[in-house]
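FYI, it's all coordinate maths here, none of it is from the lab. Computed from a prediction, not measured in an experiment: that's the story for all the values here. FYI the Cβ positions are ideal-geometry reconstructions off the backbone, even for glycines, and counts take in every protein chain you see.
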Amino acid sequence: MDILFLWETFLSLITALPLTLQLAASAIVLGAFLALGLALCRLSGILPLDWFARAYIFAFRGTPLLVQIFLIYYGLSQFRGLRQTILWSVLREPYWCAVIALMLNTAAYSSEIIRGGLLSVPFGQVEAARACGMSRFMTFRRITLPLAIRQALPGYSNEMISMVKATSLASIITIMEVTGVAARIISETYRAIEVFIVAGAIYLAINFILTQLVAFAEYRLSPHLRQPAALPTTSTGAA
Amino acid sequence: MKLIKTAIAAAFTVVTLMATGAAAQDKTEIVIATEGAFPPYNLTRPDGTLDGYDIELGKNLCERMKIKCTFVAQAFDGIIPALNAGKFDAIMAGMSATDKRKEVIDFSMSYGSTGQAFATLKGGALEKMPMKDELFSLASNEAGARKAVEQLKPLLQGKTVGVQTASIAARFMDEYLKGVVQVREYKTTEQHDMDLVAGRVDVVMASMGYLMTAVAKPTNSDMTIVGPRFQGGFLGAGSSVGLRKTDTALKAKFDEAIAAAKADGTTKKLSTKWFGFDMTPQ
């Protein structure tokens with residue numbers, strides 16, 4: 001192994017890290033809102049909304065993300081009519097095409113995770129909230145959603161990790177994120193192993209930090225599940 | 001059965017080696033290999049005969065060298081080892097003389113260079129790019145090439161250029177137009193064509209030979225080749241005749257014949273016939 005080459009490769013790849021993080025973050029954040037909307041559609045009991053969400057989830061979970069990126073980037077640009085509309089100012093940019101594709105894809109998976117979380121909230125909790133006089137919305141905001149998030153978090157962390165790795169597919173539409181830069185270095189040097197080892201290590205590091213953050217969030221959201229520590233002496237007075 | 005095959009193959013190799021060994025200098029008859037599947041350089045007609053720029057020019061060169069030539073078809077991926085194994089004496093298969101290949105075989109001077117060209121959309125701002133069809137060599141006329149690039153700079157300022165990742169076109173952008181244009185790199189040349197037609201990039205740069213076929217596609221009817229072409233230096237010397245390193249006399253003959261064919265306009269005439277433009281190397 002050529003340590004100097006690994007270091008140079010690392011320095012080139014790290015310049016693409018902000019783009020990778022930006023892609024992953026925008027896709028995850030925007031996708032989460034869309035996913036919540038879809039999950040609520042599924043649970044709304046209103047048939048057209050339910051069926052729309054089912055069809056959406058079926059289509060986006062059933063097709064490869066690579067194909068979705070290609071269709072959104074190269075497919076939509078084939079329509080002359082679309083190129084005249086205001087939409088083109090967004091779809092013209094490879095970056096936004098990638099964000100849209102990743103967001104639509106993650107929303108399909110996440111909505112099922114969130115739906116599972118929402119369904120796991122014990123009815124007694126909701127009933128108690130209603131008995132306290134909370135409105136439907138307030139019950140949702142204060143009781144159902146926080147509990148659902150806690151339940152969905154382990155499954156959702158999988159999806160977030162997948163999204164970080166899925167950003168590597170954006171390189172096929174000219175976006176020079178970490179994998180795109182790696183591919184360029186490989187075709188210049190023919191040293192695939194070293195370059196991919198460095199690129200893999202970078203993704204590993206991102207996901208290590210991400211899992212730590214999720215674990216921390218999980219810890220904060222589940223005080224009721226922890227074994228109480230030896231009670232501090234002051235707590236007796238407060239009680 | 002396998003034994004017989006091996007024996008025949010071995011006998012064949014010995015015979016060819018003897019034949020080539022005996023005729024190492026001053027050949028009167030040579031066999032030239034081509035691929036037969038890389039039009040318009042070389043192609044196989046429906047009746048099985050070989051044709052194309054390589055073949056027609058090859059026959060012309062052989063007349064000049066007063067050598068009797070036979071063309072055979074050979075798959076491109078095994079063509080260099082087969083040459084060194086003595087199965088034929090020369091390769092004319094649109095093969096570029098790259099440094100990597102030069103480690104194994106020798107090359108004549110270049111007999112055809114398509115160069116790198118620009119393509120843009122019809123009716124676009126760059127359609128009237130100056131110096132149309134002019135050819136600049138980075139090897140023999142670096143100053144002229146630089147001057148041509150300087151002339152293009154105001155026109156290309158801030159434009160987005162599509163190139164294939166790690167291609168020589170990408171290197172050209174990096175060395176000559178860095179900071180002037182915004183470069184977007186694609187996995188394949190077909191993809192940058194699609195984005196040119198869609199209006200995501202303003203101009204693409206690729207080999208002239210490729211662009212000629214690309215603009216002929218019905219989906220690319222809005223695409224047109226514009227401006228000057230560049231070749232030589234890191235852009236490659238173009239197609240050359242591949243020869244064994246030991247056949248120095250044959251290489252000298254080919255060089256002489258190619259120089260003569262370039263001088264009397266034969267390469268210009270034949271390349272215009274097959275490619276639609278003059279690809280005589282400068």
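So how do A:TYR109, A:TYR190 line up by other beta-carbon neighbours within 10 Å, fewest first?
Least to most surrounded, the residues fall as A:TYR190, A:TYR109.
Which entries of B:LYS59/B:LYS187; B:LYS147/B:LYS178; B:LYS132/B:LYS262; B:LYS68/B:LYS245; B:LYS132/B:LYS251 have Cα-Cα distances beyond 26 Å here?
B:LYS59/B:LYS187; B:LYS132/B:LYS251
Report the FRET efficiency, 1/(1 + (r/R0)^6), for A:TYR219 and A:THR85, where r is their Cβ-Cβ distance and R0 is 35 Å, rounded to 0.05.
Efficiency at R0 = 35 Å is approximately 0.15.
For a paramagnetic label modelled at 7 Å from the Cα of B:LYS153 toward its Cβ, which residues of the stretch B:178-197 fall within the zone defined by backbone nitrogen distances under 12 Å?
Zone members listed by number: B:178-181.
Among B:THR165, B:THR34, B:ALA90, whose Cα sits farthest toward the positive end of the charge dipole of chain B (+1 at Cβ of Lys/Arg, -1 at Cβ of Asp/Glu, about the Cα centre)?
Farthest towards the positive end: B:ALA90.
With θ taken as phi - 60° and the coefficients 6.51, -1.76 and 1.60, list the Karplus ³J(HN,Hα) couplings across the stretch A:103-109 in order, rounded to whole Hz; mark glycine and proline as x.
5, 4, 5, 5, 4, 4, 5
State whether the stretch A:129-239 is rounded, prolate or oblate according to the following rule on the C-alpha gyration tensor (a ≥ b ≥ c being the square roots of its eigenvalues): a/c under 1.5 gives rounded; otherwise a/b larger than b/c gives prolate, and the remaining case gives oblate.
It comes out oblate by the Cα gyration axes.
Label points 7 Å out from Cα along the Cβ direction at A:LEU40 and B:ALA73: separation in nm?
About 6.6 nm, to one decimal.
Assign unit charges at the C-beta atoms only (+1 for Lys and Arg, -1 for Asp and Glu), then state the dipole size of the stretch B:33-162 relative to its Cα centre in Debye, rounded to the nearest 20.
340
Under 5 Å between amide H atoms, partner at least 5 residues away or on a different chain: which partners does B:GLY112 have, H built in plane at 1.01 Å?
B:SER239
Take A:PHE5 and B:VAL104, extend 7 Å from each Cα along the Cα→Cβ direction, and tell me the distance between the two endpoints in nm.
Spacing of the two 7 Å Cα→Cβ label points: 2.1 nm.
May I ask what percent, to the nearest 5, of DSSP beta bridges between residues of chain B are antiparallel?
If we restrict to bridges inside chain B, about 50 percent are antiparallel.
Taking amide H atoms as placed 1.01 Å from N in the peptide plane, list the residues 5 or more away in sequence, or in a different chain, whose amide H sits under 5 Å from that of B:GLY227.
B:MET129, B:LYS132, B:ASP133
Given an 8 Å cut-off on Cα distances and at least 6 residues of separation, report the relative contact order of the stretch A:85-201 as a percent.
25
Per residue of the stretch B:233-247, in order, report the coupling 6.51 cos²θ - 1.76 cosθ + 1.60 (Karplus, θ = phi - 60°) as ³J(HN,Hα) in whole Hz, putting x for Gly and Pro.
Whole-Hz 3J(HN,Hα) from phi for the stretch B:233-247: x, 6, 6, x, 7, x, 6, 9, 7, x, 9, 5, 5, 7, 7.
Among A:81-94, A:64-77, B:213-226, what's the highest-first ranking by average C-beta atoms within 10 angstrom per residue?
Peptide ranking by packing, descending: A:64-77, B:213-226, A:81-94.
Place a +1 charge on the Cβ of each Lys and Arg in chain A and a -1 charge on the Cβ of each Asp and Glu, then give the dipole magnitude about the Cα centre in debye, rounded to the nearest 20.
Roughly 860 debye for chain A.
Which value, in debye to the nearest 20, gives the size of the charge dipole of chain B about its Cα centre, when Lys and Arg are +1 and Asp and Glu are -1 at the Cβ?
Here the size comes out at about 160 debye.
Work out the FRET efficiency for B:LYS122 and B:LYS269 from their Cβ-Cβ distance, taking R0 = 45 Å, and round it to the nearest 0.05.
FRET efficiency, B:LYS122 to B:LYS269: 0.95.
Report the Rg/Rh value for the stretch B:26-143, based on alpha-carbon coordinates and the Kirkwood definition of Rh.
1.07
Report Rg (one decimal) and Dmax (nearest whole number) for chain A, counting Cα atoms only, units Å.
22.4, 74
Can you compute the FRET efficiency between A:THR189 and A:PHE52 using 1/(1 + (r/R0)^6), with r the Cβ-Cβ distance and R0 = 56 Å? Round to the nearest 0.05.
0.70
Which percent, nearest 5, of DSSP beta bridges in the stretch B:116-235 are antiparallel?
50
Return the tail of the calculated pair distribution for chain B, meaning the percent of Cα-Cα pairs more than 30 Å apart.
The answer is 37 percent, as a whole percent.
Principal axes first, then extents: for the Cα atoms of the protein assembly as shown, list largest minus smallest coordinate on each axis, whole Å, largest first.
That works out to 111, 63, 47 Å along the principal axes.
How big is the shadow of the Cα convex hull of the stretch B:116-235, averaged over all directions, in nm²?
Dividing the Cα hull surface by four gives the mean projection, 6.3 nm².
List, in order, the whole-Hz ³J(HN,Hα) value for each residue of the stretch B:187-193 obtained from phi through the Karplus relation with A = 6.51, B = -1.76, C = 1.60 and θ = phi - 60°; use x for Gly and Pro.
Whole-Hz 3J(HN,Hα) from phi for the stretch B:187-193: 5, 10, 6, 4, 5, 6, 5.
Report the relative contact order of chain B, percent, no decimals, based on alpha-carbon pairs under 8 angstrom and at least 6 residues apart.
27
Given H placed on each backbone N at 1.01 Å, which residues far from A:PHE79 in sequence or on other chains put an amide H within less than 5 Å of it?
Long-range HN contacts for A:PHE79: none found.
Compute the Cα gyration tensor for the stretch B:194-282, then decide on rounded, prolate or oblate, letting a ≥ b ≥ c be the square roots of its eigenvalues: rounded whenever a/c is under 1.5, prolate when a/b is larger than b/c in the other cases, and oblate in all that remain.
Cα axes put the stretch B:194-282 in the prolate bin.
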